[in-house]
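As structure tokens, the structure follows; a few thoughts come after it.
The values are calculated or read from the model by the stated rules, or taken from the named source; none is laboratory data. All figures in this text were calculated on a predicted structure; none of them were measured in a lab. Glycine gets a Cβ as well: all are built from the backbone with ideal geometry, and neighbour counts include every protein chain shown. With ligands, DNA and RNA removed, areas are computed over all heavy atoms of the protein, side chains included. Shrake-Rupley method; radii C 1.70, N 1.55, O 1.52, S 1.80 Å.
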Amino acid sequence: MDELRTKYLDAIAAAADEAALEELRVQAVGKKGEVSLKMRELGKMTPEERQVAGPALNALKNEINSALAAKKVALADAALDARLATEWLDVTLPARNRRVGTIHPISQVTEEVTAIFADMGFAVAEGPQIETDWYNFDALNIPGHHPARAEMDTFYTHRAEGDERPPHVLRTHTSPVQIRSMEKTGAPIRIICPGRVYRADYDQTHTPMFHQVEGLALGKDISMANLKWVLEEFFSAFFGTDVKTRFRASHFPFTEPSAEVDIQCSWEGGTVKVGEGDDWLEVLGSGMVHPNVLKAGGIDPDEYQGFAFGMGIDRLAMLKYGIPDLRAFFDSDLRWLRHYGFASLDQPTLHGGLNR
Ligand code: DAH
């Protein structure tokens, strides 16, 4: 029995894993194990012999079982320690740098424009980018034969052969939102409509998609003087300095009278500076809304009148932030976006200074 005890206790102590332990258990105390076989021999002993051998064998069996259980726990502990040693994590290390995205200058400028006009009581209106040619042209007093249709390099949608309906167009300006807004809310009304517009044109100052903001103010006694005040107020707030404007007589089908508006600037040193010098830069078209346009929007021109204007957002962004090439706006070049983009928390507010 001493031999058995030494043999198995040593083997259990040396076992490398659970499988080896299980093998030892079967060998020692399994049904046909060495200790079990010895117990079977008890029956052949005299009662005196059995009184000595029985308890001793039982004690040996218990001892081996306890050793097996203890070793099993020790093996599991060792395995856990090994795992912890390889999987530990230093939570005191500084976090890895993540690149933060930026707000595109067009989005930023749109927000700035919106904040300034909102302060003057203008709400934001939107319309579809795929328009019927009625909203894009006819309702704006641009009939079918009008040269403005050709001038605008319009993108027309495809129509199946034999489909005689007039095609839809990618809106060439934000002016159709004027009509949709008049239909929706009637007069009086004071809105701006920022958004994407499309024309088949591509060079340093033209891209097939660009951005405009339309303005519309209708009431019983709104005049050209109100237009001039609103625009000067806008440009001064936007550029952060007093900006003089110059109104030049012009022609648009949807306004009468019509004016193109220039802002004061200087070209000294090859870069343009707004609000100083004695040069002029054309920035928008405007005028008093044509009676035909009011009628198309369901408004009685004998009761209401007002002004409208339209200007390029991309152009404003280039002027304010010194961006030389329009095409870069739409290249998605990350280096450019990081350079000209704005921090996401840099929300434009009038009191915050609009990132001047
Ligand atoms: N729709 C014109 C364009 O895209 C801009 C414009 C001019 C809009 C005069 C107006 C306006 O509302 O009154 O060139």
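Restricting things to Cα coordinates, could you compute the convex hull volume per residue of the chain in Å³?
Cα-based convex hull of the chain, divided per residue, equals 311 Å³.
Of all DSSP-defined beta bridges confined to the chain, some 95% are antiparallel rather than parallel.
Here's the list of aspartates and glutamates a cross-link from K44 could span, going by alpha-carbon distance under 18 Å and ignoring same-chain residues fewer than 8 apart: E34.
Taking the Cβ of S236 as the centre, find all other residues whose Cβ is under 10 Å away and add up their charges (Lys, Arg: +1; Asp, Glu: -1).
Residues close to S236 contribute a combined charge of -2.
In the chain, the longest principal axis of the Cα atoms and the axis of helix 47-87 are about 20 degrees apart.
The convex hull of the Cα atoms of region 2-86, projected and averaged over all directions, covers 5.6 nm².
Shown for region 224-356 is the translational diffusion coefficient from the Stokes-Einstein equation, using the Kirkwood radius over Cα pairs, a temperature of 10 °C and a viscosity of 1.306 mPa s: 94 µm²/s. Per-residue ellipticity at 222 nm computed for the chain from its helices equals -12500 deg cm²/dmol, with DSSP H segments shorter than 4 residues left out and the rest contributing -39,500 (n - 2.57).
For region 105-113, 3J(HN,Hα) computed residue by residue from phi via the Karplus equation (6.51, -1.76, 1.60; θ = phi - 60°) reads x, 5, 5, 4, 5, 4, 5, 4, 4 Hz, glycine and proline entered as x. Largest GNM mean-square fluctuation across D163, D302, D77, computed for the chain with C-alpha springs under 10 Å, falls on D77. Under 20 Å Cα to Cα from K295, which lysines show up? Leave out anything in the same chain fewer than 8 places away. Those lysines meeting the cut-off are K184, K220. Counting Lys and Arg as +1 and Asp and Glu as -1, what is the net charge of the other residues whose Cβ lies under 12 Å from the Cβ of L294? Charge balance near L294 sits at -4.
If only the Cβ of Lys and Arg carry +1 and only the Cβ of Asp and Glu carry -1, the dipole of region 108-150 around its Cα centre is close to 220 debye. The distance between label points at R248 and R98 comes to 5.1 nm (points 7 Å beyond Cα on the Cα→Cβ vector).
For a straight C-alpha distance cut-off of 28 angstrom, the lysines reachable from K273 (same-chain residues fewer than eight places away being disregarded) are K228, K244, K320. T241 exposes around 50 Å² of accessible area when a 1.4 Å probe is run over every protein chain in place. For the chain, averaging the sequence separation of C-alpha pairs within contact (under 8 Å, six or more residues apart) and dividing by the residue count gives a relative contact order of 17 percent.
Rolling a 1.4 angstrom probe over the protein heavy atoms, how many square angstrom per residue are accessible across region 32-158?
Heavy-atom SASA per residue in region 32-158 reads 67 Å².
The separation of region 243-277 from region 64-104, counted between C-alpha centres, amounts to 69 Å. Per atom type, the chain shows carbon and sulfur on 53% of its accessible surface, probed at 1.4 Å.
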